[in-house]
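Single-structure report; data block below.
The values are calculated or read from the model by the stated rules, or taken from the named source; none is laboratory data. Just so it is clear, the model here is predicted, and its values are computed rather than measured. Neighbour counts are summed over all protein chains in view; Cβ atoms, including those assigned to glycine, are modelled from backbone coordinates with ideal geometry.
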Amino acid sequence: MTVHRARTAAIAAVLTAAALSLTACGSAGSSATAGSSAGAKSAKTATSAADLGGMDALVAAAKKEGTLNAITLPRDWANYGAIMDAFTAKYGIKIQDENPDGSSQDEINAITSRKDQDRAPDVVDLGSAFALSAASQGLLAPYKVTGFDKIPDSMKAADGASYNDYGGYMSIGCDAKKVAVCPKTFADLLNPAYKGMVALNGDPTKAGAAFGAVYAASLANGGTLDNIQPGIDFFGKLKKAGNFNPVEVTPATIQKGETPISVDWSYLNAGYTDKFASQGIQWQVSIPSDGSYAQYYNQAINKWAPHPAAARLWEEYLYSADGQNGFLKGYATPALFDAMKTAGTLDPTAVAKLPTVAVPFTTFPTQAQTDAAKKVVTQNWAAAIAG
């Protein structure tokens, strides 16, 4: 998943403070209640819970709708399964999660193609480059959660159209039972021993996780935040060397041994270590020192959400202590990490399990850099890995 605001020092501070080492999207609909209202405004135009008369009124309106349409939220991605279950248990609102293995671009496509339809997504979780695209198209509904002021300014759109939710580092995961010596850097991935083993989580022209992998590879090969081409060239070399595996990484492909080496977000790779331990899979995770790159995903509400109150309540839950600690338990660093650390509301056990980072990533791409990089990847990726 990839936003229209700069990833500046405030984001770096959160990731570094967490000692982080470490992407989600259309749905069966239920009866739409886009005109749901409580208090002075209808839910679909409310920009805060106060607009609806407060949290109690928002909860009541959301429960009346009874359904939340989510999209591309894999249950094992940043602990989303447990988070969704907890939301439903607390409010009795059923979550329809469509296309859990889809991409950020799939989320945007679902918004545009299903405008005013009951089965349109209510909420999206987008990679930064894709949140930028959605915002520029006017697809997002501004909404400021109760804890909005605690989100660093550089991690949110000023109008509340979108905001960072959780983040992590690009990492290299490896099945130590299938790979004699697991790679720890991007340079290692060119080793002839890894023929047909190195895979990505999606297509970088569509998926934030794969886009992040290309950015990281660029930084590891002389590129900069203004020049992502070396990352594309690197994967072209992997392809020519026979090491690049075009199979998209999923838990199933790891279980089957189809993708023994995965370049993916650290919270996903770290989660696989726990997930597959009981199955005898020794999944090891390294944050490459030669290509340190971190990024956040972003929450947003569909401007035409069929369940506008449930959409807003979902955001309130995600930015509560329970929701943020939910991400933390999935090895991701939540946007409110620093604020919760000050308040003493972070889960200490989950914090202790975060991987360590040898080379912290401290300068994040601006919206212009991200937009330009996405354009280059879109133009050049297919040719680089063709043949």
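A few remarks follow.
- Any chance ILE287 is among the hydrophobic types (A, V, I, L, M, F, W, C), in contact with a Gly (Cβ under 9 Å, 6 or more places away or on another chain) and farther than 20 Å from ASP125 by Cβ: no
- Single residue of region 80-100 satisfying the filter (in contact with an Asp or Glu (Cβ under 8 Å, 6 or more places away or on another chain) and assigned to a loop (DSSP other than H, G, I, E, B)) that is modelled with the highest pLDDT: ILE93
- For region 364-374, the count of residues that are more than 13 Å from ALA129 (Cβ to Cβ) and in a loop (DSSP other than H, G, I, E, B) is zero.
Quick grid of which residues meet (1) assigned to a helix (DSSP H, G or I); (2) not assigned by TED's automatic domain parsing to the domain that holds ALA134; (3) not β-branched (Val, Ile, Thr):
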site: LYS275; (1), (2), (3): yes, yes, yes
site: GLN284; (1), (2), (3): no, yes, yes
site: ARG312; (1), (2), (3): yes, no, yes
site: TYR331; (1), (2), (3): no, no, yes
site: VAL357; (1), (2), (3): no, yes, no
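- All of GLY271, GLY280 fail the test of being of a type in the set (Gly, Ala, Ser), under 27 Å from TYR163 (Cα atoms) and outside the structural domain of GLU107 (by TED's automatic domain parsing), apart from GLY271.
- Positions within region 101-121 being crowded, with 19+ Cβ neighbours inside 10 Å and either hydrophobic (A, V, I, L, M, F, W, C) or assigned to a helix (DSSP H, G or I) (or both), in sequence order: SER104, GLN105, ASP106, GLU107, ILE108, ALA110, ILE111, ALA120
- Identity of the residue in region 70-92, buried (at least 22 other Cβ atoms within 10 Å of the Cβ) and among the hydrophobic types (A, V, I, L, M, F, W, C), that ends up farthest from the chain's Cα centre (by Cα): PHE87
Every residue, every condition in (1) crowded, with 24+ Cβ neighbours inside 10 Å; (2) modelled with pLDDT of 95 or more; (3) within 27 Å of ILE151 (Cα to Cα), yes or no:
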{"site": "GLU258", "(1), (2), (3)": "no, yes, no"}
{"site": "LEU268", "(1), (2), (3)": "yes, no, yes"}
{"site": "ASP274", "(1), (2), (3)": "no, no, no"}
{"site": "SER278", "(1), (2), (3)": "no, no, no"}
{"site": "ILE287", "(1), (2), (3)": "yes, no, yes"}
{"site": "ASN302", "(1), (2), (3)": "yes, yes, yes"}
{"site": "GLU316", "(1), (2), (3)": "no, yes, yes"}
{"site": "ALA321", "(1), (2), (3)": "no, yes, yes"}
{"site": "ASP338", "(1), (2), (3)": "no, no, yes"}
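- Any hit, region 227-247, residues being at pLDDT 95 or above, part of a loop (DSSP other than H, G, I, E, B) and surrounded by 24 or more Cβ atoms within 10 Å (Cβ to Cβ): yes
- Residue satisfying condition, being closer than 22 Å to LEU126 by Cα and within 21 Å of the chain's Cα centre (by Cα), within set ALA209, ALA252: ALA209
- Selected residue (criterion: surrounded by the fewest Cβ atoms within 10 Å (Cβ to Cβ)) from residues of region 184-226 that are closer than 23 Å to LYS375 by Cα and among the acidic types (Asp, Glu): ASP226
- Meets criteria (surrounded by fewer than 20 Cβ atoms within 10 Å (Cβ to Cβ) and of a type in the set (S, T, N, Q)) for THR349: yes
- Note on region 353-387: residues that are more than 20 Å from TYR296 (Cα to Cα) and of a type in the set (Gly, Ala, Ser) amount to 5.
- Note on region 333-352: residues that are within 19 Å of TYR296 (Cα to Cα) and not in a loop (DSSP other than H, G, I, E, B) amount to 9.
- Those residues of region 319-336 which are farther than 30 Å from ALA220 by Cα and touching a strand residue (DSSP E or B) at 6+ places or on another chain (Cβ under 6 Å), in sequence order: GLN324
- Selection within region 129-179: residues that are among the polar types (S, T, N, Q) and surrounded by 24 or more Cβ atoms within 10 Å (Cβ to Cβ). The member of this set that is farthest from LEU52 (Cα to Cα) is SER171.
- Test: residue in region 65-79 that is part of a helix (DSSP H, G or I) and not aromatic (Phe, Trp, Tyr): yes
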